[in-house]
1. Hey, if you put +1 on the Cβ of every Lys and Arg and -1 on every Asp and Glu Cβ in region 110-186, which of Gly151, Ile169, Ala114 ends up farthest toward the positive end of that dipole?
2. Need one number: % antiparallel among DSSP beta bridges in region 20-121, to the nearest 5.
3. Per the helix-only calculation at 222 nm, which mean residue ellipticity applies to the chain, given -39500 (n - 2.57) for every DSSP H run of n ≥ 4 and division by its residues, nearest 500 deg cm²/dmol?
4. Within 10 Å, at most 12 other Cβ atoms, and a DSSP state outside H, G, I, E, B define an exposed site. Report the longest part of the chain free of exposed trypsin sites (Lys or Arg not before Pro).
5. Where in region 83-186 are there GluC sites (Glu not before Pro) that are in a DSSP coil and have at most 14 other Cβ atoms within 10 angstrom of their Cβ?
6. Nearest 5 is fine: what % of DSSP beta bridges in the chain come out antiparallel, could you say?
7. What ranking, highest mean first, results for peptides 137-147, 119-129 when packing means the other Cβ atoms within 10 Å averaged over each residue?
8. Using the heavy atoms of the protein chains alone and a 1.4 angstrom probe, what is the accessible area of the chain per residue in square angstrom?
Amino acid sequence: MDSQHEGTAPASPPPTSRSDTTLRVNGKPHTLTVDHRRVLLDLLREDLGLAGAKKGCDHGQCGACTVLVDGRRVNSCLLFAVALDGCEITTVEGLAGDGEELHPMQRAFLDRDAFQCGYCTPGQICSAVGVLAEAAAGHPSHVTDPQAPSGEPVPLGREEIRERLSGNICRCGAYPRIADAVEDVI
């Protein structure tokens, strides 16, 4: 036994690594004690049982985990949940609200058969809903006409839709029908 450590005060406790965090998810408040390293995707799937957002690449490159945070689309695999305290989170499960009717984008994806395996579909749908809001708010994309008036709604043609959804990968290649579905909702 090491006699040098007998009778010494215990080391100070490690700094806290968890914080109470309140998120409003699909219209309902949730207060959880969250590990500071926990990303939003894991919290949604494992703590709240909302498995719509998928873990694809886990590096923010495929878009399968896309959800809306305060109306803006985000890759939930990249965001620390604790940093979103007080935010409104909308997942594919919450797009339609409490009613039994699907959100128009969900209906359009079904009507257009805009998926094959369906793994990316929740992220595609959330991203498409975000695209409509971004374009309506006048946020330009890489292909928006530079002569377009700033702050005015951006018309969503096929090229705009494809560019704006380029962060969401569909390994099955259902892109034409995904763009068709988005056009149906415009």
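The values are calculated or read from the model by the stated rules, or taken from the named source; none is laboratory data. What you see is a predicted model; the values in this text were computed from it and never measured. Cβ: placed from backbone, ideal geometry, glycine included. Neighbour counts: every protein chain shown. Quick note on the areas: whole protein, heavy atoms, side chains included, nothing else; ligands and nucleic acids left out. Shrake-Rupley method; radii C 1.70, N 1.55, O 1.52, S 1.80 Å.
1. Ile169
2. 85
3. The helix-only estimate for the chain comes to -6500 deg cm²/dmol at 222 nm.
4. 38-170
5. In loop regions of region 83-186 (DSSP not H, G, I, E or B), the sparsely surrounded GluC sites (Glu not before Pro) are Glu100, Glu101.
6. 90
7. Going by the mean number of other Cβ atoms within 10 Å, highest first, we get 119-129, 137-147.
8. Value for the chain: 56 Å² per residue.
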